[in-house]
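*Asks:* The structure that follows is given in the form of structure tokens.
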């Protein structure tokens, strides 16, 4: 058993000490075996669970999930410290300096009277910090590990800030129709279906941006709506496997599910 003192209230230093103890030979076998790579997925999953708690507007759940994300930060910092790369204090120092540098309108002589000006200042400071000399550099800096819809939106936004965009929604909506037709032709053998599907999705994100919509959120709502309607279809089938129903029966059940979902918020 490790030498550990229980507390009524733990602070960040206590959490760091707990993680360090878990990594000792007397600690937890699972924690000892982990690497940055092995817990990479954990960080992603915990971040999504924070987002879910925010959507639920559940303060207790949000507090719990923020703690889980913090744990991942402390875990990675502990691994890095053991490898002689950096410490948790280095992480804190780095992000604090970043916040000061990227807010010259607060900590320096720059001015920002509204959110738009503040964001412009942030972007300018970030380009300087990252030595992004061209607009292409800013696009390349968008993380490839982001969900594709979010990455597409960020890439498009940065391109728009560089002046590469349509002035209104009409052309973006026309492009969406054009890409849908190209996908149809590719599905019939005239082109690369995967490439055309990607172009269609990219165009859909572009259209969403012009309409002020979050594509990731829109698709999440669409998934939730599909699940609700699918449940109505399955229940309407009366216990029969859906694979045994004719296409006409399925379409009738789906139409009824749409009608029912139209009577309540979707």
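*Asks:* For helix 169-187, report the angle its Cα long axis makes with the longest principal axis of the Cα atoms of the chain; keep it between 0 and 90° and round to the nearest 10°.
*Replies:* With both axes taken from Cα atoms, the answer is about 70 degrees.
*Asks:* As a footprinting exposure proxy, order 107, 210 by other Cβ within 10 Å, with the fewest listed first. Working shown, then result.
*Replies:* Numbers: 107 11, 210 18.
Fewest-to-most Cβ neighbours within 10 Å comes out as 107, 210.
*Asks:* Please compute the modelled spin-label separation between residue 80 and residue 114, points set 7 Å along Cα→Cβ, answer in nm with one decimal.
*Replies:* Result: 3.8 nm between the two label points.
*Asks:* Another question, if that's okay. Report the Cα-based extents of segment 217-261 along its three principal axes, largest first, to the nearest Å.
*Replies:* That gives 34, 18, 16 Å along the principal axes, largest extent first.
*Asks:* For the chain, what does -39500 (n - 2.57) per DSSP helix run (n ≥ 4), summed and divided by total residues, give at 222 nm, in deg cm²/dmol to the nearest 500? It would help to have the intermediate numbers written out before the result.
*Replies:* Values: 13 runs with 184 residues, N = 266.
The per-residue figure over the chain is -22500 deg cm²/dmol.
*Asks:* Kindly put 140, 57 in sequence by how many other C-beta atoms sit within 10 Å of each C-beta, fewest to most.
*Replies:* Details: 140 12, 57 8.
In order of increasing Cβ crowding within 10 Å: 57, 140.
*Asks:* Multiplying the sequence separation of residue 194 and residue 148 by 0.36 nm and subtracting their Cα-Cα distance, what value in nm do you get? It would help to have the intermediate numbers written out before the result.
*Replies:* On the way: separation 46, 0.36 × 46 = 16.56 nm, distance 1.42 nm.
Computed gain between residue 194 and residue 148 is 15.1 nm.
*Asks:* Related question: Take the alpha-carbon centre of segment 1-46, take the same for segment 162-215, and report the distance between them in whole Å.
*Replies:* 46 Å
*Asks:* Something else now. Normalised by the empirical 2.2 N^0.38 Å for globular proteins, what value does the Cα Rg of the chain take? Show your work: numbers first, answer last.
*Replies:* On the way: Rg = 24.9 Å, N = 266, 2.2 N^0.38 = 18.4 Å.
Here the Cα radius of gyration is 1.36 times the empirical estimate.
*Asks:* Expressed in nm to one decimal, what extension gain is obtained for the pair residue 123 and residue 107 from 0.36 nm per residue of sequence separation less their Cα-Cα distance?
*Replies:* Difference between extended and current length: 4.2 nm.
*Asks:* Further, regarding this structure: If you stretched the chain out fully between residue 21 and residue 157, how much longer would it get, using 0.36 nm times the residue separation minus the C-alpha to C-alpha distance?
*Replies:* Numbers: separation 136, 0.36 × 136 = 48.96 nm, distance 4.45 nm.
Difference between extended and current length: 44.5 nm.
*Asks:* With the alpha-carbon atoms as the only input, what is the per residue convex hull volume for segment 12-100 in Å³? Mind showing how you got there, number by number?
*Replies:* Details: hull volume 10.6 nm³, N = 89.
Cα convex hull per residue, to the nearest whole number: 119 Å³.
*Asks:* Helix 215-236 against the longest principal axis of the chain: what's the angle in degrees, Cα atoms only, rounded to the nearest 10?
*Replies:* 60 degrees
*Asks:* Rounded to the nearest 10 degrees, what's the angle between the helix 148-161 long axis and the longest principal axis of the chain, both from Cα atoms, 0 to 90?
*Replies:* Approximately 80 degrees, to the nearest 10.
*Asks:* In what sequence do 39, 54 fall when counting other Cβ within 10 Å, fewest first?
*Replies:* Working: 39 17, 54 13.
Fewest-to-most ranking of 39, 54: 54, 39.
*Asks:* So which residue, out of 215, 177, 38, gets the largest mean-square fluctuation from a GNM of the chain using Cα contacts under 10 Å as springs?
*Replies:* Comparing 215, 177, 38 in a Gaussian network model of the chain, the most mobile one is 38.
*Asks:* So for the chain, averaging the separation of alpha carbon pairs under 8 Å that are six or more residues apart and normalising by length, what relative contact order in percent results? Each step should come with its number before you reach the end.
*Replies:* Working: 155 pairs, mean separation 23.6, N = 266.
Across the chain, relative contact order equals 9 percent.
*Asks:* Moving on to the next point. Apply 1/(1 + (r/R0)^6) to the Cβ-Cβ distance of residue 185 and residue 59, taking R0 = 45 Å, and write down the FRET efficiency to the nearest 0.05. Working shown, then result.
*Replies:* Numbers: r = 51 Å, r/R0 = 1.13.
The calculated FRET efficiency here is 0.30.
*Asks:* Okay, next question. Gaussian network model of the chain, Cα springs within a sub-10 Å range: biggest mean-square fluctuation belongs to which of 240, 229, 133?
*Replies:* Comparing 240, 229, 133 in the GNM, the peak value goes to 240.
*Asks:* Assuming R0 = 51 Å, can you tell me the calculated FRET efficiency for the pair residue 255 and residue 137, based on Cβ-Cβ distance, to the nearest 0.05? List each step's numbers first, then the result.
*Replies:* Working: r = 51 Å, r/R0 = 0.99.
My answer for the efficiency is 0.50.
Bear in mind these aren't lab numbers, they're just calculated from the coordinates by the rules spelled out. Note that the coordinates shown come from a computational prediction; the quantities given were computed from them, not determined experimentally. Every residue, glycine among them, receives a Cβ derived from its backbone with ideal geometry; neighbour counts consider all protein chains shown.
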